[in-house]
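Read the structure below first, then the notes.
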Amino acid sequence: MKCPNCHHTSSRVVDSRHTDELSAIRRRRECEECGFRFTTFERMELSPLVVVKKDGNREVFSREKLMDGLLRACEKRPIPYETLEKTAAQIELDLRNLNKSEVSSNDIGEHVMKALITLDQVAYVRFASVYKEFKDIDQLMETLKHLAKGSDDNELQ
Ligand SMILES: [Zn+2]
């Protein structure tokens, strides 16, 4: 990467993140010679994102599996398929932007819950009850209370 200012050939990467298209990466670079900062867009092969499951086993992240989970949580809810696809894409993007080679299934669960809470509260509770494996009804009610407090409408209060 040549510096546009002094044409020096080595630069330091200051920041690096995926663009909305997952196969492109945007890098902020700083010239090692003159300190000039510039941005590059680079195409890249996507490396597989590895998911560490609760039992310690690892598997390659799958967008389809994520979609399955979202579909199950949103079954019979008025949410367009397209919205769920966008949500799944955004979650994958966020996970990749953590810039870790491995993410835990916990990380994924948290991201899904964050997305669902703004999308549909019923879907959120459904997903959370499976994901968090509520031990008893008190725990579930506690979560619902937090949910009601955090939302603008009072549907659940
Ligand atoms: Zn330079």
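The values are calculated or read from the model by the stated rules, or taken from the named source; none is laboratory data. Since the model is a prediction, treat every value here as computed from it, not as a measurement. Virtual Cβ from ideal backbone geometry, glycine too; neighbours counted across all protein chains shown. These accessible areas exclude ligands, DNA and RNA; they are computed on the full protein's heavy atoms, side chains included. Shrake-Rupley method; radii C 1.70, N 1.55, O 1.52, S 1.80 Å.
Would you pull out the residues with amide H under 5 Å of residue 49's amide H, same chain only if 5 or more places away, H placed 1.01 Å from N?
HN-HN under 5 Å from residue 49: 61.
How much FRET efficiency would the formula 1/(1 + (r/R0)^6) give for residue 90 and residue 146, where r is the Cβ-Cβ distance and R0 is 25 Å, rounded to 0.05?
0.60
In nm, what is the difference between 0.36 nm times the number of residues separating residue 5 and residue 99 and their Cα-Cα distance?
Working: separation 94, 0.36 × 94 = 33.84 nm, distance 2.92 nm.
Result for the pair: 30.9 nm of gain on full extension.
Given a 1.4 Å probe and heavy atoms of the protein chains only, how would you sort 67, 44, largest accessible area at the top?
Working: 67 20, 44 65 Å².
Greatest to least solvent exposure: 44, 67.
In sequence order, what are the phi-derived ³J(HN,Hα) couplings for the stretch 111-125 according to the Karplus relation 6.51 cos²θ - 1.76 cosθ + 1.60 with θ = phi - 60°, rounded to whole Hz, with x for glycine and proline?
5, 5, 4, 4, 6, 5, 5, 8, 8, 6, 5, 5, 4, 4, 5
From Cα pairs below 8 angstrom and at least 6 apart in sequence, can you work out the relative contact order of the stretch 19-90, rounded to a whole percent? Present the calculation step by step, with values, prior to reporting the outcome.
Details: 59 pairs, mean separation 13.5, N = 72.
Computed over the stretch 19-90, the figure is 19 percent.
How large is the Kirkwood hydrodynamic radius of the chain, in angstrom, based on all distinct alpha carbon pairs?
18.3
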